[in-house]
Amino acid sequence: MSKVFEFAVENDFCPGGPIYTNPKEPSLFLSLGLPVDVYFPSRKRSRISAPFVFSEERFEKKKQASIEVLPDECLFEIFRRLPGGEERSACACVSKRWLFLLSSICRDELCSQNRSAVKNTEVKSKIEDEEIEGDGCLSRSLEGKKATDIRLAAIAVGTANCGGLGKLFIHGSNSSRGVTKVGLRAIARGCPSLKVLSLWNLPSVGDEGLSEIANGCHMLEKLDLSQCPAITDKGLLAIAKNCINMTDLVLESCSNIGNEGLQAVGQYCTNLKSISITNCPGVGDQGIAALVSSASNVLTKLKLQSLNITDVSLAVVGHYGKAVTDLVLTSLPNVSERGFWVMGNGQGLHKLKSLTVTSCLGVTDIGLEAVGKGCPNLKQFCLHKCAFLSDNGLVSFAKAAETLESLQLEECHRITQFGFFGSLLNCGANLKAISLVNCFGIRDLKLDLPELSPCNSLRSLSIRNCPGFGDSSLALLGNLCPQLRNVELSGLQGVTDAGFLSVLENCEAGLVKVNLSGCINLSDKVVSVMTEQHGWTLEMLNLDGCRRITDASLVAIAENCFLLYDLDVSKCATTDSGIAAMARSKQLCLQVLSVSGCSMVSDKSLPALVKLGQTLLGLNLQHCNAISSSTFDILVERLWRCDILL
């Protein structure tokens, strides 16, 4: 009997020592739940079993003991000794605590395999270590509610052994658990190969988070910060000092970034190729001058929008922009005519190929002429909402810009018919595309022009929402531009069959893309002539809103168009007969068809639509009220490879 009691003590029946000080306490055996050959007085079960529930604290602690009682320092040492990335990823799935601990381990803090490990394990570890040192081939994007610190930590751990994270886009933030410096710290420590970082609308991210990126991601090349009010010059300074290989910088609506931060970027990042700064009230001439002048030989793209800069910045651009090929200037209220004149005469924009100017009051006739002369290789020019530019300035610019290939004018209301045709005739032999959008100064006047040589280089013509543009202007264009291939006449209610027929008759090359949407006075005659003369080249035709277009046009299209793949007859007077005529055509192979708003297309068109669906990839049947839901269901089932809008 004594051996039984000795077993209870020496063999630690209860780990951590005996529960009772007296090992011969007979109540101990009642808890075993099994009969034994021992005599003991009978007692109540509740009094005997109670000590196992309510007795010493040490018993309860032993019951809850686990690895979680280890401090972070011990777990850190364990995790950094894990053999490879798969093991680390598996441990990261255990709990948030383990995830954040693993994400806090830098690559140089990882321990290599024990030297005494087997050879296969050493080879596996070597492969995984090489994967950790990946070149950043992975890309991850978090938007809205998915943008949290936990997901960033998971990305940092998960991508480390799969080639490395190269691009990270965080757009928006979780309102309750948004991205903070904790998440960016995890990325900085686990993703040293990061090259592209985009942060949009992150009010909780400040200088500390950006500094973590700067200290851990020295390979960063492209940085995009938008609506990050907590980031100041201090954070941008850290990026500039540690990420000297940065080539692209985008700043938008960052209210606390100013000249000091941009000066630091200009000082340390001398390889900047693209700069875009929008709506940053703290940015002035000093910051822009530092950026542009420091990257004079490599900067190719520059965008300045809604900034408090003056003529000085444009003078710097005109002098130091030796490598600039693309320049965008938008909403610069403090830049005057002098700024554009100085920029044009700076003799530094000889490589400029594309120039876009929007809502700049400083664009006048004198300034624009200087820009045309100072940019001898300009090919694309877009002018939007410039109220003080007149016909004389536009014609003078066209004469100076001899290499111009594309001209776009939008909401320039002082430009009249004289300026439009004057620029068309004086742009030289390289002009290929001209566009006129929302210019209310255009009036349909009959111009008595002398015999002029045609503009044989023009291939694309776009006139949109210019109510004064009518048949007279269109007839003149038809005579001047015989090589048109793409024509867009959208929202021109003053254009009739007579005006567009003159374009068709003089077009020698063969039309490829035609958009006549909103031209309510065009009839079937135009479509008939167009398909007969250009059906062998026509690929896209948009007749949306042309209410006088009927089934006769669809019959002509079915008979004469061999290459047409995109047809839009929305809100036209087409019926089931027209759809059936196209379905009977043997040469018509439409890929996109829109009959939206055609109230006379009904269920009877089901067989024709199914047959057309053999080649269709897109079908728009919105607002076709005569088509029942059962027909829609059949079409969705039969045309499984086609995207259908109902």
All but one of (1) closer than 22 Å to ASN271 by Cα; (2) of a type in the set (A, V, I, L, M, F, W, C); (3) buried (at least 23 other Cβ atoms within 10 Å of the Cβ) hold for VAL196, so report the exception by its number.
-> (3)
Mind listing whichever residues of the range 289-328 are among the charged types (D, E, K, R) and assigned to a helix (DSSP H, G or I)?
-> ASP311
Can CYS589 be described as buried (at least 23 other Cβ atoms within 10 Å of the Cβ) and either at pLDDT below 95 or out of contact with any helix residue (DSSP H, G or I) (no Cβ under 7 Å at 6 or more places or on another chain) (or both)?
-> no
Considering residues that are open to solvent by less than 20 Å² (accessible area, probe 1.4 Å) and in contact with a Gly (Cβ under 7 Å, 6 or more places away or on another chain), the number found within the range 518-540 is 2
Any residue at all in the range 596-604 that is open to solvent by less than 40 Å² (accessible area, probe 1.4 Å) and either of a type in the set (Phe, Trp, Tyr) or not in a loop (DSSP other than H, G, I, E, B) (or both)?
-> no
Quick one: would you say LEU332 is crowded, with 24+ Cβ neighbours inside 10 Å and either more than 21 Å from HIS319 (Cβ to Cβ) or of a type in the set (Ser, Thr, Tyr) (or both)?
-> no
Could you please give the count of residues in the range 491-508 that are without any contact (Cβ under 8 Å) to a residue 40 or more places away in the chain and open to solvent by less than 50 Å² (accessible area, probe 1.4 Å)?
-> 12
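A quick yes/no check of all residues on (1) in contact with a Leu (Cβ under 9 Å, 6 or more places away or on another chain); (2) at pLDDT 90 or above; (3) of a type in the set (Val, Ile, Thr); (4) closer than 16 Å to VAL437 by Cβ:
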| site | (1), (2), (3), (4) |
| --- | --- |
| CYS455 | yes, no, no, no |
| GLY491 | no, yes, no, yes |
| ASP497 | yes, yes, no, no |
| LEU501 | no, yes, no, no |
How many residues does the range 150-173 contain that are out of contact with any Phe, Trp or Tyr (no Cβ under 7 Å at 6 or more places or on another chain), open to solvent by less than 20 Å² (accessible area, probe 1.4 Å) and not aliphatic (A, V, I, L, M)?
-> 4
Spot the failing condition for ASN201; the list is (1) more than 19 Å from the chain's Cα centre (by Cα); (2) without any contact (Cβ under 8 Å) to a residue 40 or more places away in the chain, and only one is missed.
-> (1)
Residue satisfying condition, being buried (at least 19 other Cβ atoms within 10 Å of the Cβ) and not small (Gly, Ala, Ser), within set ILE557, ILE634 = ILE557
Test: ILE231 is open to solvent by less than 30 Å² (accessible area, probe 1.4 Å), part of a loop (DSSP other than H, G, I, E, B) and modelled with pLDDT of 95 or more = yes
Please work out if PHE562 is free of Cβ contacts under 8 Å to residues at least 24 places away in the same chain and over 27 Å from LEU492 (Cα atoms).
-> no
Is one or more of the residues making up the range 199-222 over 17 Å from ASN279 (Cα atoms), open to solvent by 10 Å² or more (accessible area, probe 1.4 Å), part of a strand (DSSP E or B) and in contact with a Gly (Cβ under 8 Å, 6 or more places away or on another chain)?
-> no
Being touching a strand residue (DSSP E or B) at 6+ places or on another chain (Cβ under 6 Å) and surrounded by fewer than 19 Cβ atoms within 10 Å (Cβ to Cβ) is the filter; apply it to the range 451-487 and report the residue that is nearest to THR416 (Cα to Cα).
-> SER462
Those residues of the range 234-275 which are over 21 Å from LEU202 (Cα atoms) and open to solvent by 60 Å² or more (accessible area, probe 1.4 Å) amount to LYS241, ILE244, ASN245, GLU260, GLN263, GLN267, TYR268, THR270, ASN271, LYS273
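Residue-wise test of (1) open to solvent by 60 Å² or more (accessible area, probe 1.4 Å); (2) more than 16 Å from SER473 (Cβ to Cβ); (3) modelled with pLDDT of 95 or more; (4) hydroxyl-bearing (Ser, Thr, Tyr).
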site	(1), (2), (3), (4)
VAL395	no, yes, no, no
ALA398	no, yes, no, no
THR416	no, no, no, yes
PHE421	no, no, no, no
ASN430	yes, yes, no, no
CYS439	no, no, no, no
Just a yes or no: is a residue in the range 307-316 open to solvent by less than 10 Å² (accessible area, probe 1.4 Å) and closer than 24 Å to LEU404 by Cβ?
-> yes
Filtering the range 157-182 for residues that are outside any loop (DSSP other than H, G, I, E, B) and modelled with pLDDT of 85 or more leaves a count of 9
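Every residue, every condition in (1) at pLDDT below 95; (2) in a loop (DSSP other than H, G, I, E, B); (3) surrounded by 18 or more Cβ atoms within 10 Å (Cβ to Cβ); (4) within 31 Å of the chain's Cα centre (by Cα), yes or no:
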{"site": "TRP341", "(1), (2), (3), (4)": "no, no, yes, no"}
{"site": "GLN347", "(1), (2), (3), (4)": "yes, yes, no, no"}
{"site": "LEU352", "(1), (2), (3), (4)": "no, yes, yes, yes"}
{"site": "LEU355", "(1), (2), (3), (4)": "no, no, yes, yes"}
{"site": "GLY362", "(1), (2), (3), (4)": "yes, yes, yes, no"}
{"site": "PRO376", "(1), (2), (3), (4)": "yes, yes, no, no"}
{"site": "PHE381", "(1), (2), (3), (4)": "no, no, yes, yes"}
{"site": "LEU389", "(1), (2), (3), (4)": "yes, yes, yes, no"}
The listed residue being crowded, with 20+ Cβ neighbours inside 10 Å, touching a residue at least 12 places away in the same chain (Cβ under 8 Å) and within 23 Å of ASN515 (Cβ to Cβ), out of ALA581, ALA573 | ALA581
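The values are calculated or read from the model by the stated rules, or taken from the named source; none is laboratory data. Note that the coordinates shown come from a computational prediction; the quantities given were computed from them, not determined experimentally. Counting neighbours? That spans all protein chains shown, and the Cβs are built from the backbone with ideal geometry, glycine included. We work out accessible area using only protein heavy atoms, side chains counted, and drop any ligands, DNA or RNA first. Shrake-Rupley method; radii C 1.70, N 1.55, O 1.52, S 1.80 Å.
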